[in-house]
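Encoded as structure tokens, the structure appears first; notes follow it.
Coordinate-derived values only; no laboratory data. Small disclaimer: the values here were computed from a predicted structure and weren't measured. Note that each Cβ is placed from the backbone with ideal geometry, even for glycine, and that neighbours are counted across all protein chains shown.
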Amino acid sequence: MAYNHGREERKWRIWKENEEKILRDCGVEESVIEEIRTYDRADFNSNRRFYRWTNDVAEYLEEMADTEPQAEIHSVSDLLDEIENENLYRALLTVDKRTLQIVLLKMQGYSTKEIAPIVHLTTGAIYARLDHLRKKLRQFKKEI
């Protein structure tokens, strides 16, 4: 969802009015309340710039995803062919084909219960293989 400056501005003003009412009831001087308002406004503006920037980046990435042709991955060899990082490719070559088949099926949206009969393993074995792969990839990430 896009950042709505007007809605966020209204929410900020309501919050500030309530806060300033509490501060006045507690006997805080107007100069201090004004300093707090100035500080909070600068923080609000900073956040607004950040959310606008992230929204722009997200829109850019969506546009790039639409223009970049997505490769269809139907097999383990297709999956390995799409890996551009040489070290990651070598690390995945050491993983057995059945585990890579599980990863491919997960990428295609299958649940673990659906994968189990396809690869002739129990769901526990699938979880164990994925856990071992995660540990191996964490180790790979540390080496980079």
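Which residues, counting only those in region 81-96, are surrounded by 13 or more Cβ atoms within 10 Å (Cβ to Cβ) and closer than 20 Å to I126 by Cα?
Kept after step one, since they are surrounded by 13 or more Cβ atoms within 10 Å (Cβ to Cβ), are these residues of region 81-96: 83, 88-89, 91-92, 95.
Listed by number, the residues that qualify are A91, L92, V95.
Within region 97-118, can you find the residues that are surrounded by fewer than 16 Cβ atoms within 10 Å (Cβ to Cβ) and more than 21 Å from Q139 (Cα to Cα)? Can you show your working first?
Step one: of region 97-118, the residues surrounded by fewer than 16 Cβ atoms within 10 Å (Cβ to Cβ) are 97-98, 106-111, 113-114, 117-118.
Passing the criteria: K106, M107, Q108, G109, Y110, S111, K113, E114, P117, I118.
Go through region 21-54 and give me each residue that's over 39 Å from the mean Cα position of the chain (by Cα) and either surrounded by 13 or more Cβ atoms within 10 Å (Cβ to Cβ) or within 18 Å of H5 (Cα to Cα) (or both).
Result: V28, single match.
Please enumerate the residues belonging to region 86-144 that are among the aliphatic types (A, V, I, L, M), within 23 Å of the chain's Cα centre (by Cα) and more than 18 Å from V76 (Cβ to Cβ).
The one that is among the aliphatic types (A, V, I, L, M), within 23 Å of the chain's Cα centre (by Cα) and more than 18 Å from V76 (Cβ to Cβ): I144.
When both residues are 6+ apart or on different chains and their Cβ atoms are under 6 Å apart, which pairs have a first residue that lies in region 1-30 and is in a helix (DSSP H, G or I), and a second that is surrounded by 10 or more Cβ atoms within 10 Å (Cβ to Cβ)?
Matching pairs, first to second residue: W12/F44; E20/I33; L23/I33.
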